[in-house]
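The values are calculated or read from the model by the stated rules, or taken from the named source; none is laboratory data. Since the model is a prediction, treat every value here as computed from it, not as a measurement. Cβ coordinates were reconstructed from backbone atoms using ideal geometry, including for glycine residues, and neighbour counts include every protein chain displayed. Each accessible area value is taken on the protein alone, full model and side chains, heavy atoms only, with ligands, DNA and RNA left out. Shrake-Rupley method; radii C 1.70, N 1.55, O 1.52, S 1.80 Å.
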Amino acid sequence: MRAGHTVRVVMTHSATRLISPATLAALTGNPVVVDVFDEPEPGQIAHIRLAQDSDLILIAPATAHTIARLALGLADDMLTTIALATRAPILVAPAMNPAMWTHPATQAHVQTLRARGVEFIDPTYGVMACGDEGWGKIADTPVIVQAVQQRLQRTHDLQGVRVLVTAGPTYEPIDPVRFVGNRSSGKMGYAVAEAALAHGAVVRLITGPTALTPPVGAEVVRVQTAQQMFEAVQAAFEACDVFIAAAAVADYRPERPLPTKRKRQSQHWTLRLVANPDILGTVAQHKGNRVVVGFAAETDNILHHAQEKLMRKNLDLIAVNNVLEPESGFEGDTNRLTLIYADGRVVPLPLMSKRDCAEQLLQAVREMLLRKGRLTA
Ligand code: CTP
């Protein structure tokens, strides 16, 4: 409310055992609804009104039971009925005993809801009301408020822009069970895809093997090898406005993958590798006025190598990081990027989450689209 929002409170019956609806009605200046048949405004069907008029639905604190009901699509009280009837984004801030939060049933429901676009403000570690210690404490209020603000501030400033993203490693088969590959979680590319969707872009995500759930709304093409990724990118490049190559493509592949598993038979084994196509470097040669962005993971002489790559691959921007830094590795959730533009600008960014890195990158992409006349303000 202090940030200027109108807040309407919906309570479950259990919630009313802990806090009185009258208290929340007085605090928000709006009637509180609990029952499906509550009609504080005569003639208006409250659950439809609230479902349709809300810009965002925050469920805080959310119990294991409510999360399960949301995942199953039950509509057995006012809250779950509204959640089912709304098209507004739903944010959930769970609060429960650690055993309940980590229970496979709860985690499966969380996965289901995430895949459906529901966002979780994850619980923190701490001591519960019951005395147990662990993960399950509701996130701090400022964290919840910030999550709500960020979700509401989502824009449409890349509305309709077609963004092609590569992510993850590629696996180059040695034999049916072994491969040559890179250490890449795919997190950076998935974050870029997610952020682009949040700005209204149309996203095609071409991904190597990862353990991640692709963001809701992306058109996902799954590949294994660099050659497959190359073909998928070539098929999509023509129709894109922006290409962001975040994949850690294996530069070489075994020349002749074995048809059957190689047995341990000698002290040495020499593999002959041949170069894979440079996906980014090839398609960017014919980029027209598309915006093309690459990543560079370097360990030494970082700016020099990145600048050379930017020129050689005909990029508009390259985002470079030092993979030897503890917080900017392949598997972490954070990154420290330096953005190098084709016009020579070098913009070092502070350490931030990969999602925030993606936001910064898209900001830069948007400016370049405007400059190239591929997007109008
Ligand atoms: N890339 C690509 N296809 C490849 C290799 C890399 O599309 N076969 C892309 C990556 O997705 C990344 C950028 O090119 O955006 C830089 O990758 P990197 O491996 O650092 O570049 P290389 O050209 O392979 O240079 P290096 O000699 O440092 O490995």
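Its alpha carbons give the stretch 62-206 an Rg and a Dmax of 18.8, 57 Å. Using all pairs of distinct alpha-carbon atoms, the Kirkwood hydrodynamic radius of the stretch 162-371 works out to 17.5 angstrom.
Which of K309/K372; K287/K309; K309/K354; K187/K309; K187/K261 have a Cα-Cα distance over 24 Å? Violating the 24 Å limit, Cα to Cα: K187/K261.
Helix 141-152 and the longest principal axis of the C-alpha atoms of the chain enclose an angle of approximately 70°. Around the Cα centre of the chain, unit charges on the Cβ atoms of Lys, Arg, Asp and Glu (plus for the first two, minus for the last two) sum to a dipole of about 1180 debye. For the chain, carbon and sulfur atoms together expose 53% of the accessible surface, with a 1.4 angstrom probe and every protein chain in place.
With an a/c value of 1.5 or above and a/b not larger than b/c for the gyration tensor axes a ≥ b ≥ c computed over the alpha-carbon atoms, the stretch 74-157 is described as oblate. Just to confirm the number: angle between the C-alpha axis of helix 104-115 and the first principal axis of the chain, 0 to 90 degrees, nearest 10? The two axes meet at around 70 degrees.
Can you give the angle from 0 to 90° between the axis of helix 226-237 and the longest principal axis of the chain, with both taken from C-alpha atoms, to the nearest 10? Approximately 70 degrees, to the nearest 10.
Pull out a ≥ b ≥ c, the square roots of the eigenvalues of the alpha-carbon gyration tensor of the stretch 297-377, then state rounded if a/c is under 1.5, prolate if not and a/b is larger than b/c, and oblate in the remaining case. The shape class here is oblate. Prolate is the label for the stretch 1-144, because a/c, from the alpha-carbon gyration tensor with a ≥ b ≥ c as root eigenvalues, is 1.5 or above and a/b exceeds b/c. Of interest is the spacing of the C-alpha centroids, which for the stretch 288-315 and the stretch 120-152 amounts to 39 Å.
Rounded to the nearest Hz, the phi-derived 3J(HN,Hα) couplings of the stretch 278-289 under the Karplus curve 6.51 cos²θ - 1.76 cosθ + 1.60 (θ = phi - 60°) are 7, 4, 4, x, 6, 5, 5, 5, 10, 7, x, 9, where x marks glycine and proline.
The simple spin-label model puts a point 7 Å past each Cα toward its Cβ; for Y125 and E39 those points are separated by 5.2 nm. Accessible surface computed residue by residue for the chain, with neighbouring protein chains in place and a 1.4 Å probe, gives 53 Å² per residue.
Taking the Cα centre of the stretch 162-371 as origin and charging only Cβ (+1 Lys, Arg; -1 Asp, Glu), how large is the dipole, in debye to the nearest 20? That gives the stretch 162-371 a dipole magnitude of about 700 debye. Dividing the Cα radius of gyration of the chain by its Kirkwood radius returns 1.05 for Rg/Rh.
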